[in-house]
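Here, each number is a calculation from the coordinates, and none is a lab measurement. In this text, all values refer to a predicted model and were calculated from it rather than measured experimentally. Note that we place each Cβ from the backbone using ideal geometry, even for glycine, and neighbour counts take in every protein chain shown.
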Amino acid sequence: MSVRDIADLLGIARSTVQDGIGRAATAGLSWPLPADLTDDVLECKLFARQGTKQGVRRLPEPDWSVIAVELKKPGVTLTILWEEYRAVYPDGYGFSRFCDLFRGFERRLTPTMRQVHIAGDKVFVDYSGKKLPIVDRKTGEIREAEIFVGVLGASSYAFAEATWTQTLPDWIGSHVRMFAYFGGVPRLIVYDYVPGHVIGVLCPERLCAPAGVSFCDQTTRLSVAAHLWRTTSAPSYSP
C-alpha cells in the first residue's frame, strides 16, 4: 500500500504517514510487530526523543574549558583532542560537530578583539616553540632544529621551515625564503615573541644590528611587535 493510500484510508496527511514510517525505520521496527511489544514500549521507541528539552544535547561532552587550555599547548590540535575524546566516548560526537561545539564555547568566553585582514597586508611570524629532532645518518647524532613559521593574515597561507638556530643570519634567511615562497612582501611583518636580535631590527636606535637594519631597508617594510620585551637596558648583540 502506498503512502497516499494509507493517508486516504486513515484520513491523515501524507507527511504524517511518512514521519511514522521514518520513525519506525529509525527504531528498527518492521511489520509484523513482535507479539510481546506493548503499546507503551512501542510509543517509547517511536517517540523516544519527544520529551527531550530543546537545546539539551544527547551525547556526552568533554570539559570544554580543559579543551581550551590543552589547545594552547605546542603541538596540540583539535584533531588530537577529538581523538582522545572518542577514545573515552566511542559513540560521542563526530569531528565536525565537536569543532562546532567548541567554537560555540569559545564565543561565550570573554570577548576578544577581532581583526579584519586585507590580502597581502600582514604576515604573522614566530618560531613554533617546539623543536624538531634531526638524526645524522652517519653518526647517529641527534640535533634539534628550530621551526620558523609565517602565516598571511587574510588567507592563512603558511610558510614553515627548519633552521638550526634563531640567530640573526637564520632569522633573516627564513624571511627571505618566506617572501620568495609567497611571491611578494607584505606591508607589515607582525611578531609575537620578540628575541633580542629582532628588537635590534625593530628599534635600531636601541641596539646596533646592522644586518637587521639593512634587511628592513631592503624590504622597505614596517615591522611591528605584538609583545615587545620590556627591558631596562638594551640586550647584548653578537653578529
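In this calculation the C-beta distance from Ala27 to Asp91 is compared with R0 = 22 Å, giving a FRET efficiency of 0.80. Compactness ratio for the range 3-46: Cα radius of gyration over 2.2 N^0.38 Å (N = residue count) comes to 1.23.
The HN-Hα couplings worked out from phi for the range 80-94 by the Karplus form 6.51 cos²θ - 1.76 cosθ + 1.60 (θ = phi - 60°) are 4, 5, 5, 4, 5, 4, 5, 5, 7, 10, x, 9, x, 5, x Hz, whole numbers, x standing for Gly and Pro.
Annotation for Asp136 and Asp8: the two label points, set 7 Å from Cα along the Cα-Cβ direction, are 8.8 nm apart. Taking other C-beta atoms within 10 angstrom as a stand-in for reagent exposure, Glu146, Glu84, Glu141 fall in the order Glu141, Glu84, Glu146, fewest first. Using the Cβ-Cβ distance between Thr167 and Val116 with R0 = 25 Å, the FRET efficiency computed as 1/(1 + (r/R0)^6) comes to roughly 0.10.
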